[in-house]
Amino acid sequence: MSDGEKILSSIRSDSDERIAAINADADKVCTEVSAKAQQRAKEIRHAAETKIQLQSEKLLKATRSRIELEKRSVMLRARRGEIDRTVGGVEEYMLSLPEKEYFGLIYKLASTLEGQSGTVLLSARDLARLPGDFKSRMKASGLDITVCDKPCDSISGGFILKNGDIEENMTFAAVISANRERIEDLISRELFV
């Protein structure tokens with residue numbers, strides 16, 4: 001081998017060694033970069049999974065809260081509907097009482113107006129079945145009254161005591177309306193406790 005070929009062979013050999021060293025360094029760097037990239041990808045994936053888990057838990061909690069709120073709202077609407085139906089039934093019940101109990105209720109209402117006087121307005125139905133001792137029973141309840149012989153169309157049950165421009169509305173609807181809150185409390189305790 002000539003000197004030129006020896007030099008070329010030495011250069012090739014040095015070159016091959018350098019290339020091998022560069023390739024080894026490159027492989028080492030690639031392995032390190034790849035390991036770091038995999039570790040970073042693992043961290044990112046873990047962070048994303050944690051974030052998704054937290055968001056899922058938040059969403060689930062918010063959904064449960066909305067469901068619970070809607071459930072309470074439905075329950076309250078159902079209670080309100082039941083109370084309203086029951087309050088509505090109170091007047092119907094009062095109107096359907098047998099005559100003796102019905103007029104007993106009217107006398108009881110009259111006693112709350114003790115000492116007053118005036119003309120009593122009644123419904124056509126009540127005028128038609130007025131007991132013979134109505135005036136004396138009303139007097140015993142504390143009222144000095146005359147009975148209007150014309151029926152009052154705005155009354156379904158109970159009475160109105162009229163003295164000049166002053167009217168005491170003792171109709172069942174007015175009494176129920178004035179005592180609605182107490183009636184609702186009573187109904188609520190009876191139905192929902």
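Readers should treat all values here as calculations from the given coordinates under stated rules, not as data from a laboratory. Every value quoted in this text rests on a predicted model; they were computed, and no experiment measured them.
Legend: residue pairs 100/135; 100/162; 108/150; 51/71, Cα-Cα distance threshold 18 Å; pairs beyond threshold, 100/162; 108/150; 51/71.
Comparing 34, 65, 156 in a Gaussian network model of the chain (Cα springs below 10 Å), the most mobile by mean-square fluctuation is 34. For the chain, modelled as a GNM whose springs connect Cα atoms under 10 angstrom apart, the maximal fluctuation among 161, 109, 54 occurs at 54.
Amide H contacts of residue 158: 172, each under 5 Å away and 5 or more positions distant or on a separate chain (H built 1.01 Å from N in the peptide plane; Pro and chain starts excluded).
Round to the nearest 10 and give me the degree value, 0 to 90, for the angle of helix 180-192's Cα axis relative to the longest principal axis of the chain. That helix lies at roughly 60 degrees to the long axis. Working note: Cα atoms of region 111-155, range along each principal axis, descending, whole Å: 26, 21, 15.
Proximity of backbone amide H atoms, modeled 1.01 Å from N, is registered between residue 143 and 115 at under 5 Å, excluding neighbours fewer than 5 places apart on the same chain. Over region 1-96, all Cα pairs binned in 5 Å intervals from 0 give whole-percent P(r) values of 3, 9, 7, 6, 6, 6, 5, 6, 5, 5, 4, 4, 4, 4, 4, 3, 3, 3, 2, 2, 2, 2, 1, 1, 1, 1, 0, 0, listed from short to long. Proximity of backbone amide H atoms, modeled 1.01 Å from N, is registered between residue 97 and no other residue at under 5 Å, excluding neighbours fewer than 5 places apart on the same chain. Taking max minus min of the alpha-carbon positions on each principal axis, region 97-192 gives extents of 44, 29, 27 Å, largest first.
Taking 64, 72, 40 as the candidate residues, the one with maximal mean-square fluctuation in a Gaussian network model of the chain, Cα springs under 10 Å, is 40. Under Stokes-Einstein, with the Kirkwood radius over Cα pairs as Rh, the value for the chain at 25 °C and 0.890 mPa s is 98 µm²/s.
Three semi-axes describe the equivalent ellipsoid of region 66-121; taken as square roots of 5 times the Cα gyration tensor eigenvalues and ordered largest first, they are 40, 14, 8 Å.
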